[in-house]
């Protein structure tokens with residue numbers, strides 16, 4: 001994935017965690033905030049596995065996002081890997097990302113108290 005699309009600053013991650021909308025699946029959670037920029041950051045915690053496993057998951061996630069960056073709606077995205085991501089194949093991660101992006105495009109469910 002190109003350097004211009006990588007999110008690396010801690011303040012951007014904190015902003016997305018605080019303000020973002022979340023879609024979750026078995027292997028991944030995806031947070032999104034609207035922005036003029038188009039950037040993706042990856043968060044893979046120690047519950048996923050050791051350093052080798054975490055780096056493998058990050059490489060696979062970068063590979064999943066690389067071809068779709070041009071068509072991705074602009075905004076800041078944070079992909080949070082869950083422990084199931086360690087056993088997932090590249091194809092499973094790709095399907096999971098497709099599902100979560102579709103969930104985010106639908107928007108949040110309607111409020112139950114609304115008329």
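The values are calculated or read from the model by the stated rules, or taken from the named source; none is laboratory data. Predicted model only: the values in this text are computed from it and were never measured. Reconstructed Cβ throughout: ideal geometry from the backbone, glycine too, with neighbour counts over all protein chains shown.
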### Message
Being closer than 22 Å to residue 102 by Cβ, assigned to a helix (DSSP H, G or I), more than 12 Å from the chain's Cα centre (by Cα) and modelled with pLDDT of 90 or more: is that true of residue 66 here?
### Response
yes
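Residue by residue, here is whether (1) within 21 Å of residue 105 (Cβ to Cβ); (2) modelled with pLDDT under 95; (3) surrounded by fewer than 19 Cβ atoms within 10 Å (Cβ to Cβ) holds:
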{"residue": "5", "(1), (2), (3)": "yes, yes, yes"}
{"residue": "12", "(1), (2), (3)": "no, yes, yes"}
{"residue": "25", "(1), (2), (3)": "yes, yes, yes"}
{"residue": "38", "(1), (2), (3)": "yes, yes, yes"}
{"residue": "71", "(1), (2), (3)": "yes, yes, yes"}
{"residue": "79", "(1), (2), (3)": "yes, no, no"}
#### Entry: Enumeration of residues in the stretch 9-56 that are in a loop (DSSP other than H, G, I, E, B), touching a strand residue (DSSP E or B) at 6+ places or on another chain (Cβ under 7 Å) and over 23 Å from residue 88 (Cα atoms)
20, 34, 35, 37
